[in-house]
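To keep things clear, I will list the structure first and then write my remarks on it.
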Amino acid sequence: MPEMKEYTTIKGRKIEIDISPEACHPFGFLHGERIQTPSKGPATIIGVANVKEGGCSGYGPQLWYKRDNASGVSFWVDLITPEDFRRAGFKKI
């Protein structure tokens, strides 16, 4: 069952993100997990939402995160499976 929570994106827009384990699990993460990104430092997994940010539509569901010291949440494009994240160099911390 979806568990929606409102967040603010790095562009200052409000977005509803599903933080449920059912939504996050297919990406290989859970809401609140800490990760090390390959290039942007540590971050916290937020959840899953369709991307409509900045006119970007058609990406479908994406995993959203909040980098340490960032003003809002953001998402990774084209990383959909746990294997995608592993190959890209993401690690749980």
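The values are calculated or read from the model by the stated rules, or taken from the named source; none is laboratory data. Keep in mind that what you see is a predicted model, and the values were worked out from it rather than measured. As a convention, Cβ positions derive from the backbone with ideal geometry for all residues, glycine included, and neighbour counts pool all protein chains shown. All accessible areas refer to the heavy atoms of the entire protein, side chains included, with ligands and DNA or RNA removed. Shrake-Rupley method; radii C 1.70, N 1.55, O 1.52, S 1.80 Å.
Give, as residue ranges, the strands (runs of 3 or more DSSP E) completely inside the chain that count at least 3 residues that are free of Cβ contacts under 8 Å to residues at least 60 places away in the same chain and charged (D, E, K, R).
Passing ranges, in order: 14-18.
Checking LYS5 against (1) under 21 Å from PHE90 (Cα atoms); (2) open to solvent by 40 Å² or more (accessible area, probe 1.4 Å); (3) modelled with pLDDT of 95 or more, which single condition isn't satisfied?
Tallying (1) under 21 Å from PHE90 (Cα atoms); (2) open to solvent by 40 Å² or more (accessible area, probe 1.4 Å); (3) modelled with pLDDT of 95 or more, LYS5 fails exactly one: (1).
Is at least one residue of region 63-78 modelled with pLDDT under 95, crowded, with 19+ Cβ neighbours inside 10 Å and of a type in the set (A, V, I, L, M)?
Yes, because at least one residue in region 63-78 is modelled with pLDDT under 95, crowded, with 19+ Cβ neighbours inside 10 Å and of a type in the set (A, V, I, L, M).
Every residue, every condition in (1) more than 13 Å from LEU63 (Cα to Cα); (2) touching a Gly at 6+ places or on another chain (Cβ under 8 Å), yes or no:
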residue	(1), (2)
THR8	yes, yes
GLY12	yes, yes
GLU16	no, no
SER20	no, yes
PRO26	no, no
LEU30	no, no
GLU33	no, no
GLN36	yes, no
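Checking the conditions here, which among HIS25, HIS31 is out of contact with any strand residue (DSSP E or B) (no Cβ under 7 Å at 6 or more places or on another chain), open to solvent by 20 Å² or more (accessible area, probe 1.4 Å) and under 20 Å from ASP78 (Cα atoms)?
Only one candidate qualifies: HIS25.
What tally of residues in region 34-52 results from selecting those that are open to solvent by less than 40 Å² (accessible area, probe 1.4 Å) and more than 10 Å from the chain's Cα centre (by Cα)?
Counting residues in region 34-52 that are open to solvent by less than 40 Å² (accessible area, probe 1.4 Å) and more than 10 Å from the chain's Cα centre (by Cα) gives 4.
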